[in-house]
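Since the structure comes first, as structure tokens, the remarks are kept for the end.
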Amino acid sequence: MRTTPPLPLPVKRALAKLGSDIRSARIRRGIPTAIMASRAFITRSTLLKVERGDAGVSLGIYATVLFVLGLTERLAELADVRSDEVGLQLAEESLPKRVRRPAASAKRAR
């Protein structure tokens, strides 16, 4: 039996919300579980795991289910560099305080 490593509570909550949101989107679209599973090339039991936010389901399957629902553009934005506030702040802090011309360029400019 394959087990998944323990997950931080915020991760568990995020996966549970994702699964619940996927289920709601499927229901709003009027797609039965059998058809949804077929379109995503998975079994109904795997779809039920997705809708429960099971961490043992591969990201590829989550991505395929989102594709079937027409929601893949959101998936592509998850770790977008432009939305990485911490990374952007760290990059800005590491910028040099002053910019100097290279020595060879400075001589030619005279």
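So in the stretch 65-95, with the set limited to residues that are among the acidic types (Asp, Glu) and in a helix (DSSP H, G or I), which one is farthest from the chain's Cα centre (by Cα)?
Of the stretch 65-95, the ones among the acidic types (Asp, Glu) are 73, 77, 80, 84-85, 92-93.
Keeping just the survivors that are in a helix (DSSP H, G or I) gives 73, 85, 92-93.
Working: GLU73: 10, GLU85: 16, GLU92: 25, GLU93: 26 Å.
Only one residue tops the list, namely GLU93.
Does THR46 satisfy the condition of being in contact with a Leu (Cβ under 9 Å, 6 or more places away or on another chain) and of a type in the set (S, T, N, Q)? Write out each step before concluding.
On the way: in contact with a Leu (Cβ under 9 Å, 6 or more places away or on another chain): no; of a type in the set (S, T, N, Q): yes.
So THR46 fails the test.
GLY56 meets the conditions (1) surrounded by 15 or more Cβ atoms within 10 Å (Cβ to Cβ); (2) not in a helix (DSSP H, G or I) in every case but one. The failed one is (1).
Is it true that THR72 is crowded, with 16+ Cβ neighbours inside 10 Å and of a type in the set (S, T, N, Q)? Break it down stepwise before answering.
Working: crowded, with 16+ Cβ neighbours inside 10 Å: no; of a type in the set (S, T, N, Q): yes.
Here the answer is no, as THR72 does not meet what is asked.
Just so you know, all these numbers are worked out from the coordinates, no wet-lab data involved. Only a predicted model underlies this, so the values are computations on that prediction, with no experimental measurement involved. FYI the Cβ positions are ideal-geometry reconstructions off the backbone, even for glycines, and counts take in every protein chain you see.
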